[in-house]
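The block underneath contains the structure these notes are about, expressed in structure tokens.
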Amino acid sequence: TQTVGVLALQGAFAEHCRHLEKAAAKLHKDVEVIEVRTPTELEKCEGLVIPGGESTAISLVAQRSAGMLDALRKFVTVDKKPTWGTCAGLILISSGIYDHKTEKQTLAGTPEIDAHGNKVADQTVSALFGGLDVVVSRNYFGRQLGSFIAPLKLSNFGVSSTITDKEAVFDAVFIRAPVVFKTLNDDVKVLAEVEDPSDPTKKLIVAVEQGHMMGTSFHPELSDDTRIHEIWLSKFL
Ligand code: GLN
């Protein structure tokens, strides 16, 4: 049996658990899915999903739970165990945040107050878990387009034994979603892009992978479709 965890500090973790269980059953894979709130629970896991929700809230809870922030950082960057961040989860495994309003980029490890005593643009950045060499832009689509659905070609994500149609499309649900503003390393592979609603000539990166890490801007657990969970389990576990 392989144990896969879903970080359950805040956000859409229950839906991810159900999707992972369904996906494992379809693949005939012996997987136990557990909710993770403590370093001891994290230690049992061979892979981890970090759900969508509110990245600031998730990182605050992690900082207040004894040893949890360090345990998460070790899991992704030292032990290099398979980790998939979705939406807020993608923000948390990124290496920095670009604020498209102030056009300021802050990289992980930055203290919340800079040398001049000013607060950094995005305080979430001081408590990122890291692992993925990308800079993200939070809430990129703004108020007008708080949530929307975009069809993404599934074959770019990889394959699983249950997906045979090469043209298959996944209807991705975006909710106050971040985008990958910049990749910092050639190892980062782009899996999906969408058109920028404010500039149709521009493409926005909404799914990436790098080694043991995967990040998606959207919520793959908020529909009946378990295919991206199947691909993740096939590819990374
Ligand atoms: N806007 C949220 C954040 O910045 C992410 C939204 C989501 O996870 N659906 O954390």
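Readers should treat all values here as calculations from the given coordinates under stated rules, not as data from a laboratory. Predicted model, so just to flag it, every value in this text is computed and none were measured. Counting neighbours? That spans all protein chains shown, and the Cβs are built from the backbone with ideal geometry, glycine included.
Here is how the numbers come out for the structure above:
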read-out	value
Chain lengthening between V190 and T1 when straightened (0.36 nm per residue, less Cα-Cα)	64.9 nm
Under the span-like rule (Cα at least 30 Å along the axis, Kyte-Doolittle mean at least 1.0), DSSP H helices of the chain	none
Lys pairs, segment 96-224 - Cα-Cα below 28 angstrom, 8 or more residues apart or on other chains	23
Inter-probe distance in nm under a simple model that places probes 7 Å from Cα toward Cβ, at N139 and T162	3.6 nm
Inter-probe distance in nm under a simple model that places probes 7 Å from Cα toward Cβ, at Q123 and D171	3.9 nm
Residues S65 and K22, FRET efficiency given R0 of 30 Å [Cβ-Cβ distance, rounded to 0.05]	0.55
Alpha carbon centroid spacing (whole Å) that separates segment 80-113 from segment 117-189	11 Å
DSSP bridge orientation in the chain - percent antiparallel, rounded to nearest 5	60 percent
Potential extension, H100-H116 segment - 0.36 nm per residue separation minus Cα distance	3.6 nm
Ascending count of other beta-carbon atoms within 10 Å, so fewest first, for M214, M68	M68, M214
For peptides 152-158, 37-43, sequence by mean Cβ density within 10 Å, most packed first	152-158, 37-43
Cα centre as origin, Lys/Arg/Asp/Glu Cβ charges: the chain dipole, Debye	180 debye
Rg followed by Dmax, in Å, when the chain is reduced to its Cα trace	16.9, 57
